[in-house]
Each structure stands twice: as C-alpha cells, then as structure tokens.
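The structure that follows is given in the form of structure tokens.
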Amino acid sequence: METIESMKRISRKNIISPKGFKAVGIHCGLKHKKNDLALLVSEVPASVAGVFTTNVIQAAPLQVTKKVVYETQKMQAVVINSGNANACTGKQGMHDAVTMQQKTAEHLGIDSNLVGIASTGVIGEQMNMVPLLSGIEKLQPMDTLEGSIQFSQAILTTDTVTKNTAYATVIDDREVVVAGVAKGSGMIEPNMATMLGFITTDANIESEHLQTALKEITDVTFNSITVDGDTSTNDMVLVMANGMASNHSLTPDHPEWQSFVDALHAVSRDLAKMIAKDGEGATKLIEAKVTGAVSDEQARQIAKSVVGSPLVKTAVFGCDANWGRIIAAVGYSGATIDPEDIKIYIGDTAVVEGGEPIPFSEENLLIYLKQHEVKFAIELNQGTGEGMAWGCDLTYDYVQINATYRT
C-alpha cells in the first residue's frame, strides 16, 4: 500500500475491497459482444447516499433509484445495464425500470425497495427486456477480482478504460475501506454528467450523514469535471455503507469523521479525474487550478470555464501555448476578477502577469504541452478562494465517435 497523508491507497483497487460486497458482470445481449449487465450486492442492507443529474429530463431508472435513496435510505443491491439508457421512453420505460428492479430483488431474495438500478447508453429506445431479464437470472455475484473486473467492464459505453480506485483509513482502531468504480466518457458536464459512479465502504454511518459528506465532496470532484458541456439524463453517484468494519457510527461529531471524509474525497477525486482523462477521443487531461478568487465557489467556476472552453481544449490538442484563450475563458466565467491582477501559468511557466503577456519560451512550452497531463494555474489576487477543475482536449476522434454513436 502507498501512504497518502493519513490514508493508504490500496493496491487491490476494486469495488469489493470493503468487507461484505460482491460483484459480477456478464454479456446478456443488449450489446453485440461486450459485457452489458452488472450487479453489486452487499451482504446486509447498507446505508445509502446519492447525487443525481440536474437535467430536468431524467431517465426512468434514475427516478426509481432516487426513491430508494430518499425514501428507503437503505440499499442492498444495484443492477446496471449498458447499451440502452431507458430515457425518454414514457410509461413503458418506467414499467421496464420497475420490472428490472423487481426481478433483481426476486433473484436475490430481498425486498425490491432495497434495489437500485442504473442504465446507460442510447436515449429514446425502448429496452429489450427479453435478454435483460434472462441476464438478471444468470447474475451470480462474486467476492473475487474477476467479479470486480467484470462489473467495471459491463457498465462502460464509449469508455476506453475501466475506472477503479480504493483507499483505507483507520477509525476507532478498525480498518475502514472506501472503494469506487465509474463510467463516463462523453456528455460530461456534471451537475452531474454522463457518468455513473458506485462507491462502497464498510464504514458504519447513517444515510443522513453519508448524504451530507457525499454532497459536499461532489461539488469539488464530480461537479468539477467537463468533457463537452452536455449534461445527461441518467447520471448518478451512489455510495453504499454496510457498517461491516464495526466502527462506532460516524457523525460530524465523531473525532475521526474527517478521516472518513478524506477517504471518500480521495476516491471521488480519483474517479472524477479518470473520467475527464478518458473523455471521448481525448489524448490529454487538462487541470486548472485557481487561487486568489473571491470565494472557493467562484474559483471552481473559473477553473471549469477554462477546462470547458472548446478553444482551450483544441489549443491543448494542438500543443499551442495560446494563453489568450485561457484568459478569455476566465473573463467570461461570470466570476469577479480584475484583469490587471491576473497571473497565468502553463505548467511552471508564467505567460501572463498583471493581465499582460510576459516573455516565455514557445519551444519549451511545446515540449510541455505534448505531455499527457497539462496544468494551468491562474492567480487572481481578489481573495482567498481556491478551486480546481479537470477536463480533456478536443480531438478529431471526439467528432467521429459522436457522429456515428447510433450507427
């Protein structure tokens, strides 16, 4: 294990690293060949928290799962399909979502109000229920690495890689593990984006406090990434905490509350950055760090404006140190700035000071911009607010992928 502050990054970075979880993924036939149906199960009902898309048009599976999160406040299983979003599918889509929930509950022998569901894929097509229901009957979750790998593969759409991470910390002299898996590649403009995130932990914590922690962390992680500015209809992040670490129940008053929050934040941050880096057709991760803003919120607003700018994204793709596009994105972010106080760095190289250009080596920045991770730092000198955001470059492949998504 690699020590990170008070936490340990776990080498077995998979969704079942916490005690009491099992997972599996299979091919049921919604896709041509790849795994397309996944199941995550806790041995016991778990406290649950969730954050969901702000798109007014919300897919049927998301509506079903929100009811579990907000009303039952416990979840023991979540079933996910890829290949079909079951969004904008009317009454039939809702019926199919509920059927998917009920059939999973029957298969596992648990109450349906303990089952969450998620779908990702093409919008506006009715779900092919025959292979889906047949597939649910074949799901046999495992507490093995193989099961975790299958799960992480089955939730993907245009992603090129699976996204997994896990951390351990110590609370009440007990090891507490937090692990996560995600999918997301296109339509990434959170609040939320086309992304699904599933986080497991064996921490003992009530849903109310878990929801508080997740919402706060989401603002600085999942809601601080962007790929293309589109907000999807299906996106959610779920956290299941089954209490099997047997620590004393966590609340904000617990002396080691922050240790848990830090671990949850680390998992969320890792997954968010992995999603941004794997943007459709992307070749580079872009990070913008803003300091000296009026508030943390405005700092994140500016950072996201920069990494979301199509002109900044294309400049990064072309290895062009065009700082004018960066300062323009700062200017139209809507945040409070003074142009004469702005300083901008590309990597470690200062390119703007006092709102004016300063000499720099184009040759050195060309070498830097060829790297797979590009960082911008923007100093505003307006206050103490700080914030970060992550995005990716915009490439020819992004256009190709999305021009032919349905065909």
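The values are calculated or read from the model by the stated rules, or taken from the named source; none is laboratory data. Every value quoted in this text rests on a predicted model; they were computed, and no experiment measured them. Ideal geometry is used to build each Cβ from the backbone, glycine not excepted, and the neighbour counts take in all protein chains shown. Protein only, heavy atoms only, side chains kept; ligands, DNA and RNA dropped before computing areas. Shrake-Rupley method; radii C 1.70, N 1.55, O 1.52, S 1.80 Å.
Of everything in region 68-83, what is more than 19 Å from residue 40 (Cβ to Cβ) and either free of Cβ contacts under 8 Å to residues at least 24 places away in the same chain or open to solvent by less than 10 Å² (accessible area, probe 1.4 Å) (or both)? Give them in sequence order. Talk me through it step by step, then tell me what you get.
Within region 68-83, the first condition is being more than 19 Å from residue 40 (Cβ to Cβ), and the residues that meet it are 70-71.
Hit for region 68-83 is 70, nothing else.
Let me ask something additional. Checking residue 49 against (1) crowded, with 24+ Cβ neighbours inside 10 Å; (2) farther than 27 Å from residue 148 by Cβ; (3) of a type outside the set (S, T, N, Q), only one condition comes out false. Which one?
(2)
Select from region 317-338 the residues that are under 22 Å from residue 225 (Cβ atoms), in a helix (DSSP H, G or I) and not small (Gly, Ala, Ser) and list them in ascending order.
317, 325, 326, 327, 330
Give the number of residues within region 150-166 that are surrounded by fewer than 19 Cβ atoms within 10 Å (Cβ to Cβ) and among the hydrophobic types (A, V, I, L, M, F, W, C).
The total comes to 1.
So, one more: Looking at the structure I just gave you, is residue 218 at pLDDT 85 or above and out of contact with any Ser or Thr (no Cβ under 8 Å at 6 or more places or on another chain)?
So residue 218 fails the test.
Of the residues in region 250-289, how many are without any contact (Cβ under 8 Å) to a residue 12 or more places away in the chain and surrounded by 23 or more Cβ atoms within 10 Å (Cβ to Cβ)?
Result for region 250-289: 0.
Which residues, counting only those in region 290-311, are among the small types (Gly, Ala, Ser), part of a helix (DSSP H, G or I) and either touching a Lys or Arg at 6+ places or on another chain (Cβ under 7 Å) or surrounded by fewer than 23 Cβ atoms within 10 Å (Cβ to Cβ) (or both)?
Listed by number, the residues that qualify are 303, 308.
Quick check on region 85-120: of everything there that is in contact (Cβ under 8 Å) with a residue 60 or more places away in the chain and part of a helix (DSSP H, G or I), which residue is most open to solvent (accessible area, probe 1.4 Å)?
Within region 85-120, the match that is most open to solvent (accessible area, probe 1.4 Å) is 108.
Let me ask something else about it. Just checking, which of 326, 344 is open to solvent by less than 40 Å² (accessible area, probe 1.4 Å) and under 27 Å from the mean Cα position of the chain (by Cα)?
Sole residue among the options that is open to solvent by less than 40 Å² (accessible area, probe 1.4 Å) and under 27 Å from the mean Cα position of the chain (by Cα): 326.
Follow-up. Taking residue 314, is it over 28 Å from residue 178 (Cα atoms), of a type in the set (S, T, N, Q) and assigned to a loop (DSSP other than H, G, I, E, B)?
In short, no.
Something else: Of all residues in region 350-362 being over 13 Å from residue 320 (Cβ atoms) and open to solvent by 100 Å² or more (accessible area, probe 1.4 Å), which is modelled with the lowest pLDDT?
356
Further, regarding this structure: Could you grab the pairs with beta carbons closer than 6 Å, sequence gap of 6+ or different chains, first residue in region 347-371 and in a strand (DSSP E or B), second one β-branched (Val, Ile, Thr) and surrounded by 15 or more Cβ atoms within 10 Å (Cβ to Cβ)?
Every condition considered, the pairs that remain are 351/344; 352/344.
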